[in-house]
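Structure first, commentary second.
The values are calculated or read from the model by the stated rules, or taken from the named source; none is laboratory data. The model shown is predicted, which means the values in this text are computed figures rather than measured ones. A quick note on method: Cβ atoms are made from the backbone with ideal geometry, for glycine too, and the neighbour counts reach across all protein chains shown. Accessible surface areas use protein heavy atoms only, side chains included; no ligands, DNA or RNA. Shrake-Rupley method; radii C 1.70, N 1.55, O 1.52, S 1.80 Å.
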Amino acid sequence: MKRKGNITITDIARQVGLTHITVSRAFNQPDKVKPETRERILQAARQLGYVPNAFASQLRSSQSRLIGVVAASIDNPFYSEAIKAISRDAKRQGYDILLMDTDGSAEVEASAIATLLSYQVAGIILSPVSDAIDYRPVYIDSLRDTGLPVVMLDRVLPVEDFSRVVLDNPTSGRLIGSAMLDLDIQRALVVTGPFNSRITQQRLDGIQQAYRQAGRPLSLDPREGDYTAEPAYRAVAEHLANHGLPEALIGLNQLMTLGALSALHDAGWSYRDTKVLGIDTLPYSEIFDIEITTTATDPSLAGRRAMELLFAAIEDPQAAVREDVIASHIRPARAGGLLHR
């Protein structure tokens, strides 16, 4: 016996003794089917538990109501908040989103893009697995050939023909650098993303620029990760085992800061035993009495801006390519923390 979810139009046609074409027309062009015939078909569909194929309906439609969202890591709080805003704005405009988590894999990313193109989505919001200057995935030409509206979010590909929403990474770095100067930090262990990542380079350059402008010396010990917690944990744990507690510990995104804090904890240290700062706020940190200076951006705003750019391109395929930059500000530690202003 077929499960209800496997019931097809052919099964309904067999049940009511009509052609496959008539049954299909009852669902997709109801005005072309006699009311009594359509009611027979709908009654049979209810009895059999027929569930229409939404994707097939999208493909038959002249205008897709699906928006593809491709993210490198939805366990990153920044992306989860941005995607929530994207989903809300899509619903308000009568669209649904089709979310693809590539989990940092270039192969999965290419497959995700191919899948979204096969579903003929109305547009794509893309946060690629890498923002390295030499990362040029094979699907770029496919996206260009289709003329599909594409907006890049946070991480961007080295192309000029897609709009993008990016964070103000140089300012984030300078803000953390200024906070480090206030704490008289001269040496710091820094947990970074990939060294060839433009985001990592911009944030490191921002820190160093703050020190150059102040005429103060700074020695950074960067340890490469991939913007996730586990590599940050390993890098900090290794440093603690071999070199002891650093003067300061900097995480270049929230997951890496959390990984660094976890390594400190497991080694028997508290974040209060050194000077910990990070780019991006730490979710729920106040609940656990973790008060460190971070920078803050608005992920929901980034998601909304991405949707604005995408809808503009959907409505006008000739719309100019744009870049929106999401501002960053310092979030000092509260009383009892590291920085008081």
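So here's what we get for this one:
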read-out: With DNA, RNA and ligands ignored, accessible area of D89 (1.4 Å probe; Å², nearest 10); value: 20
read-out: Cα shape, segment 179-266, gyration tensor, a/c 1.5 rule; value: oblate
read-out: Inter-label distance, nm, simple model (7 Å from Cα along the C-beta direction), Q186/A319; value: 5.3
read-out: The chain - share of DSSP beta bridges that are antiparallel (%, nearest 5); value: 10
read-out: Residues in segment 226-258 that a label on S270 would reach, taking backbone N under 13 Å of a point 7 Å out along Cα→Cβ; value: none
read-out: Chain lengthening between K32 and I133 when straightened (0.36 nm per residue, less Cα-Cα); value: 30.9 nm
read-out: Kirkwood Rh, angstrom, segment 60-184 [1 / mean 1/r, Cα pairs]; value: 15.7
read-out: Options [x] 83, 45, 35; [y] 88, 41, 30; [z] 103, 58, 45 - which one matches Cα extents along the principal axes in Å as calculated here; value: [x]
read-out: Gyration tensor (alpha-carbon) shape descriptor, segment 219-279, a/c threshold 1.5; value: rounded
read-out: Approximate spin-label separation E308-S105, in nm, with each point projected 7 Å along Cα-to-Cβ; value: 3.6
read-out: Helix 254-266 axis, angle to the chain major axis (alpha carbon atoms, nearest 10°); value: 60
read-out: Protection proxy ranking, peptides 302-311, 126-135, average beta carbon neighbours within 10 Å, highest first; value: 302-311, 126-135
read-out: Distance from segment 205-270 to segment 148-163 (C-alpha centre basis), Å; value: 30
read-out: Degrees between helix 299-315 axis and first principal axis of the chain (Cα, 0 to 90, nearest 10); value: 40
read-out: Simple label model, 7 Å out from Cα along Cβ direction - I21 to S300, nm; value: 5.3
read-out: Helix axis angle, 198-214 relative to the chain longest principal axis, alpha carbon, degrees; value: 30
read-out: Zero-based 5 Å bins, Cα pair distances in segment 123-250, whole percents; value: 2, 10, 17, 17, 16, 13, 10, 7, 5, 3, 1
